[in-house]
1. Just need the relative contact order of region 42-89 here, percent rounded to a whole number, with Cα pairs under 8 Å and 6+ apart.
2. Scan around residue 139 for amide H atoms under 5 Å from its own, H built in the peptide plane at 1.01 Å from N, and keep only partners 5 or more places away or cross-chain.
3. Expected output is a single nm value to one decimal: the length gained when fully extending between residue 64 and residue 92, i.e. 0.36 nm times separation in residues minus the C-alpha distance. What is it?
4. Based on other C-beta atoms within 10 Å, arrange 159, 142 from fewest to most.
5. First measure r as the distance between the Cβ atoms of residue 120 and residue 190, then evaluate 1/(1 + (r/R0)^6) with R0 = 35 Å and state the FRET efficiency to the nearest 0.05.
6. Once amide H atoms are placed 1.01 Å from N in the peptide plane, what residues at a sequence separation of 5 or more from residue 43, or on another chain, have their amide H within under 5 Å of its amide H?
7. For region 53-58, in order, what is each residue's ³J(HN,Hα) by Karplus, 6.51 cos²θ - 1.76 cosθ + 1.60 with θ = phi - 60°, in whole Hz (x at glycine and Pro)?
8. Tabulate in residue order the Karplus-calculated ³J(HN,Hα) for region 130-142, using 6.51 cos²θ - 1.76 cosθ + 1.60 with θ = phi - 60°, rounded to whole Hz; enter x for Gly and Pro.
Amino acid sequence: MKSLHAVLVAIAIGLVANVQAVPVSFQIYPTGNSNPNVSSQFTMDVTDNGSGQALFRLANSGAIQSTITDILFYDGSLLGISALKDRDDQISGLFGLSTVDFTAGVPFHPDSLPQYPAATFGTDRDSNGGVGNGVDTGEWLEILFNLKANRTFADLLAELQSGQVYVGLHVQRIGTTGGSDWYESTPPPSAGVPDGGTTICLLGLGLLALAGVRRALVRA
């Protein structure tokens, strides 16, 4: 019974944690290039990792060939990249995909994102292995960020919504012509960000459910 109770507790905690996963979409930045617009293939889930950290999981899924080779961050509450999860980097002891390899880099100054002339943090595909180290269709990369002192995950979400925290993508090998373009994050919907009352309510419901299961086990 103890082991079952532990599993149920973990499920309840996981349910509340998953509510904090906020999806971020992307749109093409108008460069005048004639490549297919593959913005719908890019998604990024932002999750509260606890201990003053936030986890960004970037995925590329779709039918049109494309490779994400540079990821730029404009800071707000972000202090710096703590870890990557790819071929040779791990988060919580686990490595990422064997076909994805990035390196945390110095600030970037992309010509194609003039409204954000200097990215505070960035990561790009490892040069040893070329563009193939990027995030191709069907692949993903995780980036763990530290938050600044006295900043919370709620602060980060508010800044994502206001545009103060912004993510830019440099994408290469697009479509049959193999062109390149820039993409920019769009503010997540406010409905995807639970407030403190919602989180507490969900946690309370989870604990009530656990109490009911425990009473049922005791009666049995």
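1. That works out to 24 percent.
2. Correct list: 60.
3. In short, 6.9 nm is gained.
4. On the way: 159 19, 142 24.
Least crowded to most crowded, the residues run 159, 142.
5. Computed FRET efficiency for residue 120 and residue 190 comes out at 0.90.
6. 59, 61
7. Couplings: 10, 10, 10, 9, 10, 9 Hz.
8. For region 130-142, the Karplus-derived couplings read x, 4, x, 7, x, 8, 7, 4, x, 10, 8, 9, 10 Hz, x marking Gly and Pro.
We did not get these values from a lab; they are worked out from the coordinates using the rules stated. All values reported here derive from a predicted model rather than from experimental measurement. In this analysis, Cβ positions are derived from the backbone assuming ideal geometry, glycine residues included, and neighbour counts consider all displayed protein chains.
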